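These notes concern the structure reproduced below.
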Amino acid sequence: MSDRDDKPAIKRLKTGAFSRRLQLSGASVRYGARALTQSARERFSDSDSPKARAQRQHNVDRFVAEIGKLKGSVVKVGQILATYGEYLLPPEVVEALHTLVDDTPPLQWKVMEKTLRRRLGEQRFAELDIDPKPLAAASMGQVHRATHRVTGEKLCIKVQYPGVAKTIDADLNAVIRLLRLARLLESTRAVDDWLRDVRELLHQEVDYRCEREHLEQARAALAGDPHYIVPRVYPEYSSDKLLTMSYEPGLPANSAAVAALSQGRRNVLGRALLRLFLTELYDWRSMQTDPNFGNYLVRTHESGHDQWVLLDFGAMRAIPDSFGQRFTAMIEASCRGDRAGFLDGAIALGFMKADFPAQVLEDFADIGMALTEPLKAGSSEVPAQALGGGGQYHWRDAELPKRIGKRAIQASLSRYFALPPKEFMYVMRKLMGVYAIVAALDAEFNGDELMAPYLSGDKR
């Protein structure tokens, strides 16, 4: 979070369905006129000339720029498609969508003050001294610091923009139409199922009561664990469009101050983040699926016992046992070097088939074996570049997300590839995000000890 000194406040958001559809329709027409008749995979192959690829990238960038002109849920739609769309969209489109930054100019204080008075009620509003300057602003809401006038407690108020929840369905439908008109998104049963899930996720993110429940559950589950801080909820100042929490300061994980911590302290932080992922996957069967750097802060202490401040539980997702059992079996098979067991899991989940060519299955098994490198650093399968001088896994030098991401995209372009279950995409995205944050810490440690209790069955 950062103070908003760089962007002038705006008076209001365009939430009228007609004006938003008109602008998105214009983008569809302009880009659709340039779309070719081939399928997305054919048009994004490596068989064309550098000039054709450059022109195609230019068109894609213009297409994404049109989406970025509208705020509200359009930007969030684009971000979710970028986050989970590696298996659905051409690489150039995913890369361009990643340029959509959910960091918009805030609404003017007089607009937000009116909104807060209405949602809190005059009596509750009078109990708080709210800083007019927002702490952060995004596509669907902004955050203000506040002080309780009687107790002096420092609070953080997340306020949803007026009318933004009503634009979600229209915005998502318009972006989908745009993508399909531009022949960038296929229409299949699996894709339609995934898009329904995206719609559900978007509605969940604007339901602050749901986020409050997830936050309180996480706070209760992690109570007493000295490695994590979860904000306290103030229900008397919260509603379906307002979430008030304790203000929990911290440093960005990729800040210079965190990088200056000793190697040992950064290693402890890295272990704690990886342990939390395993806890969510195995124990909670529920996971915060947005591994954005902004959702994690580091609180340092002179004692050296640093902590993670966990923010934003709007993207929590349940992991069905039917999927969780098969996915964890794949992870465990990979840790043991059991290629056949890993492939059995992929086939059981439906995105590999037993009658696929042997080379296709072997290539996919290679991805699976690389996936758990940090959890089996003592294995001969781990490349030398990934190990530091003391035999510890060197998360930054390993460049694992980059290596796996390239292989996964190549696999997704194969005609044998079937869209994996949506749960697989969410969990894998979270795992790669955790890997990226630990790499940003420049941590050095082996994850074997964290995985060992699950492999032995001690934690089941």
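The values are calculated or read from the model by the stated rules, or taken from the named source; none is laboratory data. Computed from a prediction, not measured in an experiment: that's the story for all the values here. So basically every Cβ, Gly included, is an ideal-geometry build from the backbone, and we count neighbours across all protein chains shown. Ligands, DNA and RNA are stripped out before the accessible areas are found, and what is left, the full protein with its side chains, is counted by its heavy atoms. Shrake-Rupley method; radii C 1.70, N 1.55, O 1.52, S 1.80 Å.
Brief remarks on what is shown
- Within region 74-194: Cβ-based charge dipole about Cα centre, in debye rounded to nearest 20 (Lys, Arg +1; Asp, Glu -1): 600 debye
- Looking at region 275-358, none of the chymotrypsin sites (Phe, Trp or Tyr not before Pro) sits in a DSSP loop with at most 14 other Cβ atoms within 10 Å of its own Cβ.
- Each peptide in 179-190, 441-452 gets a packing score, the mean of other Cβ atoms within 10 Å over its residues, and the list from highest to lowest is 441-452, 179-190.
- In this structure, E213 and A358 have a Cβ-Cβ separation that, at R0 = 56 Å, corresponds to a calculated FRET efficiency of about 0.75.
- Distance between modelled label sites at S262 and H58, nm, 7 Å Cα→Cβ extension: 5.6 nm
- Rounded if a/c under 1.5, otherwise prolate or oblate - region 218-357, Cα gyration tensor axes: oblate
- Residue among Q325, A384, L343 farthest towards the positive dipole end of region 309-413, charges placed on Cβ: A384
- Legend: residue pairs K76/K154; K154/K430; K353/K376; K154/K376; K110/K422; K154/K422, Cα-Cα distance threshold 32 Å; pairs beyond threshold, K154/K376; K110/K422; K154/K422.
- Radius 15 Å from Cβ of R336, net charge of other residues (Lys, Arg +1; Asp, Glu -1): -4
- Cβ-based net charge around H144, under 9 Å, with every Lys or Arg adding one and every Asp or Glu removing one: +2
- Computed E for D131/A318 - FRET, C-beta separation, R0 30 angstrom, nearest 0.05: 0.25
- Extension gain, T188 to N292: 0.36 nm times the residue separation minus the Cα-Cα distance gives 34.5 nm.
- Sulfur and carbon atoms: percent of accessible area, region 278-403 [1.4 Å]: 49 percent
- Between D283 and E236, the simple label model (points 7 Å from Cα in the Cβ direction) yields a spacing of 3.3 nm.
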